[in-house]
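Data block below; observations after.
Throughout, read-outs are computed from the coordinates displayed, never taken from laboratory work. Note that the coordinates shown come from a computational prediction; the quantities given were computed from them, not determined experimentally. For neighbour counting, all protein chains shown are included, and Cβ atoms are generated from backbone atoms with ideal geometry for every residue, glycine included.
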Amino acid sequence: MALIDLRNINKVFMMGDEKIQALNDVSVQINEGELTSIVGTSGSGKSTLMNILGLLDLPSSGDYFLDGTNTTSMNDDALSLYRNQKIGFIFQSFHLLPKASALKNVEMPMQYASAYNKDLTDEVIRKLALESLEKVGLADRVHHLPNELSGGQRQRVAVARALVNKPKILLADEPTGALDSKTSEEILRLFQDLNKQGVTVIIVTHDNHVAQSCRRILRMSDGVIKSEEHL
């Protein structure tokens, strides 16, 4: 059974009286342990597809099975909880709390999860956050604020935060877009290393070089997956 199974996904947006077909009958499967990129130019549909994959938006029609569950019938509360359990997010602009330390930023997803999991005490949350920061090479930066960290270190904090709940999927949206080329290569190697440890990684990008760092490339245009490559 595929970890991700999209079946005939359509997404339509209304702009006044005009219908915009952002996704057109997209069907694709992604298995656990894959390292996949979704690549396309602006307007290709890749961001819309990412939002649906990440349970941030629902399709207009079609079915999305994530880890065996059809998510299209879930209400907002169920989607939020399932998203927190299954998906870790990484964004181009990091989305870190500026007045919180690296440690506090990484603890955030578990603080939300603790409302549903009484085993997540403050002590457990701190221990898991420290372990996650150590995994991305930031054991010596746990008490630093974001403005005291380099761009690459801030992205590593974002990766640690995304990993801390041990999600099935790491979903990265243009994760190297705000980084210089050397730091970008370091982050891409980090994704490759995490994938070798069993994490399913999906990178959404317009950059063909970033796409080439993955073992599978899905190329999008006009709301359709036009081609697929295996490297």
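Structure notes:
- Among residues of the stretch 143-160 being in a helix (DSSP H, G or I) and small (G, A, S), the one that is surrounded by the fewest Cβ atoms within 10 Å (Cβ to Cβ) is G151.
- Residue within the stretch 9-18 that is surrounded by 21 or more Cβ atoms within 10 Å (Cβ to Cβ) and among the hydrophobic types (A, V, I, L, M, F, W, C) present: yes
- Among the candidates G40, G16, the residue that is farther than 16 Å from S227 by Cα and among the small types (G, A, S) is uniquely G16.
- Residue check for F89: crowded, with 18+ Cβ neighbours inside 10 Å and in a loop (DSSP other than H, G, I, E, B): no
- Out of A102, A78, sole residue that is touching a residue at least 24 places away in the same chain (Cβ under 8 Å) and either of a type in the set (A, V, I, L, M) or surrounded by 13 or more Cβ atoms within 10 Å (Cβ to Cβ) (or both): A102
- Residue in the stretch 44-67 that is in contact (Cβ under 8 Å) with a residue 24 or more places away in the chain, in a strand (DSSP E or B) and in contact with a Gly (Cβ under 9 Å, 6 or more places away or on another chain) present: no
- Some residue of the stretch 160-180 being over 23 Å from L128 (Cα atoms) and β-branched (V, I, T): yes
- Where a residue in the stretch 106-125 is farther than 13 Å from V164 by Cβ and its partner, wherever it lies, is of a type in the set (A, V, I, L, M, F, W, C) and surrounded by 13 or more Cβ atoms within 10 Å (Cβ to Cβ), with Cβ under 8 Å and at least six apart: Y116/L81
- Top-ranked residue of the stretch 113-141 - restricted to ones that are surrounded by fewer than 14 Cβ atoms within 10 Å (Cβ to Cβ) and among the hydroxyl-bearing types (S, T, Y), ranked as farthest from G68 (Cα to Cα): T121
- Single condition L35 does not satisfy, out of (1) in contact with a Phe, Trp or Tyr (Cβ under 9 Å, 6 or more places away or on another chain); (2) farther than 20 Å from R83 by Cβ; (3) surrounded by fewer than 18 Cβ atoms within 10 Å (Cβ to Cβ): (3)
- Any hit, the stretch 193-215, residues being assigned to a loop (DSSP other than H, G, I, E, B), of a type in the set (A, V, I, L, M) and farther than 14 Å from K46 by Cβ: yes
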